[in-house]
Amino acid sequence: MKSLLSLLFASVLSFQLSAQATLNSSCNLPRSGDHLVKQQVDYKAPGGKGVGVVWDFSDQTPLNDHYELNYRSLDAHSDTLVGTEHRTMYYYHLRGDSLYSLGYENPTTLITYRKPETLLVFPFIYGRTFTDYFEGTGSYCSRLDIHVQGKSQVTADASGMLVLPGGDTLRHVLRVHHRKRMVESMEPFTPGSSLRADTVPFVLDRDSIDWYLANDSSSLQVDTWRWYAEGYRYPVFESVEGSVCRQGSESPYFATSFYYPPHEQYYALDDDSDNRERRDGFVEKEYSVSNGNGEDGNGKDYSDERISYGISIDAQGELKIDYLLNESADVLIGLYDLQGRQLSDVRRQEKPVGRYTETLSLAGFPDGEYLLRLVVGGKTYGEKVLKR
């Protein structure tokens, strides 16, 4: 696995060119009517920051493999979106270039933000960060009034490649870290108290929030890391940590992770043409080879200082790769669909200088375009192949 990850890391670096993942409102906003099934898995620590990171999430164990998330409009005339999961409704609103949290509601607790919390500002790229303050009121079991206030920071702190449970890989992945610190206070519920509060003009006091976060006997901190892959509307992986902060020290009290299988987003989301075009566009960039050596209808060939190869498909659907190694190298060969999903076992061998032939069967696959990927000594080559 270590040598495989080394090759993946090398391929990440070779793809940095114009392949930086970007979150934008047309491709990454939640949509009314979307239904997702994600999996709760063993907690996975977020790992390092920076560019060219390889995250290996291949060995995660499912804890709950059917964790539903649904989005709907609040009503026919509302621009408020409701996301429902785990018996809790979360309220969202898009204004300008920003996505806000308006609060949440479940059978015991209702929180409404008088100053909404900013969740994302579009477009969002690696290195971008912002800080926001929020404040809200609510109730617990209609017996206690709740006041909550806090501060959040959102940073796109890493980009790279992600190895999914099962071993498939996604490139052009952007990780977004959301850190939220807050203090809560409760007091016995008084009928009409919320009505009286609404008659008082609200002014957010940032200095007061900073003071409470620094001096209150305890505060809560929630860190959420979300991994977004280019061409997918929702995260593909998420890790959440919660801590209680007392007198400068943090005491963890929960940690969990969620896996959003990419095929759920690819097949289950209706009419997501924006993301389909982005996936296809990045596939074109990564796997189009301008070689000038000519193509006929039956195959392709390419040559450089490391390798010369020719590929063809016969009438039985056998993909044949003939290649000449000009220097000893590790060689990795794999077949993928246009969404980047791995279709064949990845063949990896260390080979000396010489001529070789590999064959991959396409007999069980429908007609259409596929992606052949070769990694030779850490350098990545790619070809589109057409099965007719």
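Bear in mind these aren't lab numbers, they're just calculated from the coordinates by the rules spelled out. Since we're looking at a predicted model, the values are computed, not measured. We place every Cβ from the backbone using ideal geometry, glycine too, and count neighbours over all the protein chains shown.
Assorted remarks:
- By average C-beta atoms within 10 angstrom, highest first, the peptides 70-78, 227-235, 368-376, 82-90: 227-235, 368-376, 82-90, 70-78
- Among beta bridges from DSSP that stay inside region 2-281, the antiparallel ones total about 95%.
- Inter-probe distance in nm under a simple model that places probes 7 Å from Cα toward Cβ, at Asp65 and Ser303: 5.0 nm
- The charge dipole of region 116-271, taken about the Cα centre with unit charges on the Cβ atoms of Lys, Arg (+1) and Asp, Glu (-1), comes to about 220 debye, rounded to the nearest 20.
- Each residue, Tyr43 and Ser361, gets one label point 7 Å from its Cα in the Cβ direction; the gap between the two is 4.5 nm.
- Here the sum of -39500 (n - 2.57) over DSSP H runs of 4 or more residues, divided by the residues of the chain, equals -4000 deg cm²/dmol at 222 nm, to the nearest 500.
- Cα-only Debye scattering, region 288-387: base-10 log of I(q)/I(0) at q = 0.14, 0.15 Å⁻¹: -0.49, -0.57
- Ascending count of other beta-carbon atoms within 10 Å, so fewest first, for Cys141, Cys27: Cys141, Cys27
- Gained length - Tyr267 relative to Leu144, 0.36 nm times residue gap less alpha-carbon distance: 39.9 nm
- Stokes-Einstein translational diffusion, the chain - Kirkwood Rh over all Cα pairs, 1.567 mPa s, 4 °C, in µm²/s: 55 µm²/s
- By the Cα gyration tensor, region 113-154 has an equivalent ellipsoid whose semi-axes, rounded to whole angstrom, run 29, 9, 7 from largest to smallest.
- Using alpha-carbon coordinates, inclination of helix 206-215 to the longest axis of the chain, degrees: 90 degrees
- For the pair Glu369 and Arg179 in one chain, pulling the backbone fully straight at 0.36 nm per residue adds 64.2 nm over the alpha carbon distance.
- Convex hull (Cα only) mean projected area of region 324-371, reported in nm² to one decimal: 3.9 nm²
- The chain - percent relative contact order, Cα under 8 Å, separation 6 or more: 13 percent
- Between helix 2-14 and the chain: long-axis angle, C-alpha atoms, 0 to 90°, nearest 10: 90 degrees
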